[in-house]
Amino acid sequence: MAMQARFRNLTRDVPIPHPWNLSSYLDDVAQYRGRSITLLPIDTALLAGTGCGTGSGLWIAKQDSDVIVYGADTTEWHAEHIIVHELGHMLLGHGPEQPTDGEPAPTVAAVAELLPSISPESIAHVLGRTDYGTTRERDAETFADMVMLHAMRPPRRDSLLHRTFFRDRRR
């Protein structure tokens, strides 16, 4: 399905608030997914490097909740874009990829022992990240761009002429 259609479907399920309010949108996404979402702003330098995110944000799927880690030393708009990018991963179903042999790597097992509330699959997903040009990353980035653009534009009030001749045929 094309990204535009996926976006339209998702915004029906989780509407973008007007006026824009990140806290409200986070609450709506959490309710839609049935999982709480915690934001964790940290020094961006801690997000840099192999396997630790893109340098600006990271989604950690715990067993029963989610954590979005993002760089605290950026503008408010950029921080919100990073957070919405990670929400895009959640809403687009970009969960951790399953290990091929069913057994976690030794590093993953060690980290899982230290952090039992985070699933081994999530740990493997975070530690195994190397390619940020993937379709998943592009889709999450496009989703974030679309949400932020949609959130910033004024609500559209169609004229009687437009409502009469250009009704939404999906109803």
**Q.** Spin-label model distance (nm) - Arg8 vs Glu76, 7 Å beyond Cα toward Cβ
**A.** 3.3
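Calculate, for Ile42 and Glu141, the FRET efficiency according to 1/(1 + (r/R0)^6) with r their C-beta to C-beta distance and R0 25 Å; round to the nearest 0.05.
On the way: r = 21 Å, r/R0 = 0.83.
The computed FRET efficiency comes out at 0.75.
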Q: For Phe143, Phe7, write out the residues from largest to smallest accessible area, computed with a 1.4 angstrom probe and no ligands counted.
A: Phe7, Phe143
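The values are calculated or read from the model by the stated rules, or taken from the named source; none is laboratory data. This structure is a prediction, so every number in the text was calculated from the model and none was measured. In this analysis, Cβ positions are derived from the backbone assuming ideal geometry, glycine residues included, and neighbour counts consider all displayed protein chains. Side chains included, ligands, DNA and RNA excluded: accessible areas come from the protein's heavy atoms. Shrake-Rupley method; radii C 1.70, N 1.55, O 1.52, S 1.80 Å.
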